[in-house]
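The values are calculated or read from the model by the stated rules, or taken from the named source; none is laboratory data. Just so you know, these numbers come straight off a predicted model, no measurement behind them. When we count neighbours, we look across all protein chains shown, and the Cβ atoms used for this are built from the backbone with ideal geometry, even at glycine.
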Amino acid sequence: MQVEVETLSIELTTISSDKRPVFITGNFCKWLPDLEEFRMTMVSPGEYQYQFPEDLELPSPLEYKYTRGGWDQVELDRFGRPYGNRVITKLEGVIQDNVTRWQKDITKKVDYSPIVEVLSEAFEIPQLNRTRRIHVLLPHDYHDRPDQHYPVHYMTDAQNLFGEGSEYGNWKIDKSLTKLAKEGKANVIIVAIEHGGEDRIHELSPYDNPKLGKGLGASFLRFITDTLKPHVDAKYRTKADRLNTGIGGSSVGGLLSVYAALMFPHIFGRLMIFSPSLWISQRVYFDTIHFFEPFETRIYLYAGGKEGANMMPNFTRFHEMLENQRFGYNRVKIQASIDPKGEHSEKQWSKEFPIALKWLYSE
């Protein structure tokens with residue numbers, strides 16, 4: 001039976017990051033998957049629309065599917081399985097559909113680069129009465145896997161971590177995450193917090209120092225635990241428990257991560273501690289003596305032999321104290337890495353980052 005359509009429109013919502021065109025196909029066009037006259041119009045990222053011509057005779061019922069230009073790029077259900085034919089029996093009005101997953105075009109090269117977003121240009125830090133730019137690096141296929149939830153790793157000094165880096169160097173974690181993704185080892189959301197420039201040491205140090213002044217690190221950590229983390233958990237598909245929440249940094253950022261391990265074990269179960277500035281206060285060793293973690297925890301420690309005369313003695317002392325405190329508790333895993341030729345630099349931490357991330361979250 002053939003029916004002359006009056007007005008039939010279809011609105012589609014799908015993944016905004018996928019820039020491939022969308023076509024509608026069905027029993028009205030012999031199921032050809034990429035006819036230009038049935039290409040949908042993008043009205044905004046992830047929002048598409050198509051209106052059938054009024055003079056087009058459509059079969060009733062009308063059966064159809066969506067493609068990205070071929071049967072090797074057809075729509076899938078939310079579990080990644082083939083989607084059945086869609087059916088319209090009333091050939092007028094507006095039909096609203098949603099597609100959460102698409103079959104990839106296997107002839108195209110997969111981009112494994114992380115998806116970099118700016119969470120906020122000026123995120124409020126009420127604990128310090130200031131604002132800060134915060135970045136989020138999502139796994140490359142985050143939007144293609146709507147049922148997947150991810151661990152979250154918070155990191156300091158975002159200016160030095162990815163992209164163009166800064167005058168001090170670049171960890172190139174975006175490059176490392178791309179390589180790890182090819183191994184299936186990058187299923188972690190990275191939240192990178194920019195430092196406060198001249199206020200960096202004060203913000204990140206959890207201890208006071210006679211020469212440097214008051215340390216605000218405890219308040220900065222409260223910002224992460226009480227303000228930033230709830231926001232991230234609400235906005236993204238995260239695994240919010242402590243075992244899937246980590247923190248990491250280098251130098252004074254490494255010292256902040258030490259403090260997080262000692263004082264916030266109920267929040268952070270994965271610690272990435274690079275070249276910690278243990279010289280800032282002897283109190284860190286007193287706090288370490290009282291370290292006791294009854295839950296599973298992973299701590300990755302790194303230091304270089306060319307980071308100054310005090311680095312290795314302080315690092316060794318701290319490591320030994322941690323090992324003594326966890327003695328008999330196999331649920332606390334500690335991995336220590338030392339490069340005798342390692343310097344206090346972003347270049348060195350760039351080499352260590354993928355090793356640490358893989359050990360913390362993929363082993």
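Would you check if V94 is under 28 Å from the mean Cα position of the chain (by Cα) and not assigned by TED's automatic domain parsing to the domain that holds S219?
So V94 fails the test.
Can you say whether K239 is of a type in the set (K, R) and in contact with a Pro (Cβ under 7 Å, 6 or more places away or on another chain), as far as the supplied structure shows? Against the criterion (of a type in the set (K, R) and in contact with a Pro (Cβ under 7 Å, 6 or more places away or on another chain)), K239 qualifies. Highlighted here are the strands (runs of 3 or more DSSP E) found entirely within region 1-114 that include at least 2 residues which are under 30 Å from K182 (Cβ atoms): 62-67.
Quickly run through region 326-349 and pick out the residues that are out of contact with any strand residue (DSSP E or B) (no Cβ under 8 Å at 6 or more places or on another chain) and either buried (at least 17 other Cβ atoms within 10 Å of the Cβ) or on the phi > 0 side of the Ramachandran plot (or both). Write out each step before concluding.
Of all residues in region 326-349, those out of contact with any strand residue (DSSP E or B) (no Cβ under 8 Å at 6 or more places or on another chain) come to 327-330.
Once the filter is applied, which keeps residues that are out of contact with any strand residue (DSSP E or B) (no Cβ under 8 Å at 6 or more places or on another chain) and either buried (at least 17 other Cβ atoms within 10 Å of the Cβ) or on the phi > 0 side of the Ramachandran plot (or both), region 326-349 yields only G328.
The sole residue among H135, H143, H153 that is of a type outside the set (V, I, T) and either surrounded by fewer than 17 Cβ atoms within 10 Å (Cβ to Cβ) or outside any strand (DSSP E or B) (or both) is H143.
Within region 176-186, the set of residues being farther than 9 Å from P354 by Cβ and not small (G, A, S) comprises T178, K182, E183. If you go through region 265-305 and keep only what is among the hydrophobic types (A, V, I, L, M, F, W, C) and within 28 Å of the chain's Cα centre (by Cα), you end up with I267, F268, L271, M272, I273, F274, F295, I299, L301, A303. Within region 190-211, one or more residues are touching a residue at least 40 places away in the same chain (Cβ under 8 Å), in contact with a Pro (Cβ under 9 Å, 6 or more places away or on another chain) and assigned by TED's automatic domain parsing to the domain that holds V284.
Does I224 satisfy being part of a strand (DSSP E or B), out of contact with any Cys (no Cβ under 8 Å at 6 or more places or on another chain), under 20 Å from P151 (Cα atoms) and modelled with pLDDT of 95 or more? If you could, list the steps in order and put the result at the bottom.
Values: part of a strand (DSSP E or B): no; out of contact with any Cys (no Cβ under 8 Å at 6 or more places or on another chain): yes; under 20 Å from P151 (Cα atoms): yes; modelled with pLDDT of 95 or more: yes.
Answer is no for this residue.
Keeping to region 115-131, report how many residues are touching a Ser or Thr at 6+ places or on another chain (Cβ under 9 Å) and closer than 29 Å to K179 by Cα. Within region 115-131, residues that are touching a Ser or Thr at 6+ places or on another chain (Cβ under 9 Å) and closer than 29 Å to K179 by Cα number 3. Taking the criterion of being touching a strand residue (DSSP E or B) at 6+ places or on another chain (Cβ under 7 Å) and surrounded by fewer than 17 Cβ atoms within 10 Å (Cβ to Cβ), the residues of region 20-34 that qualify are P21, N27, W31, L32, D34.
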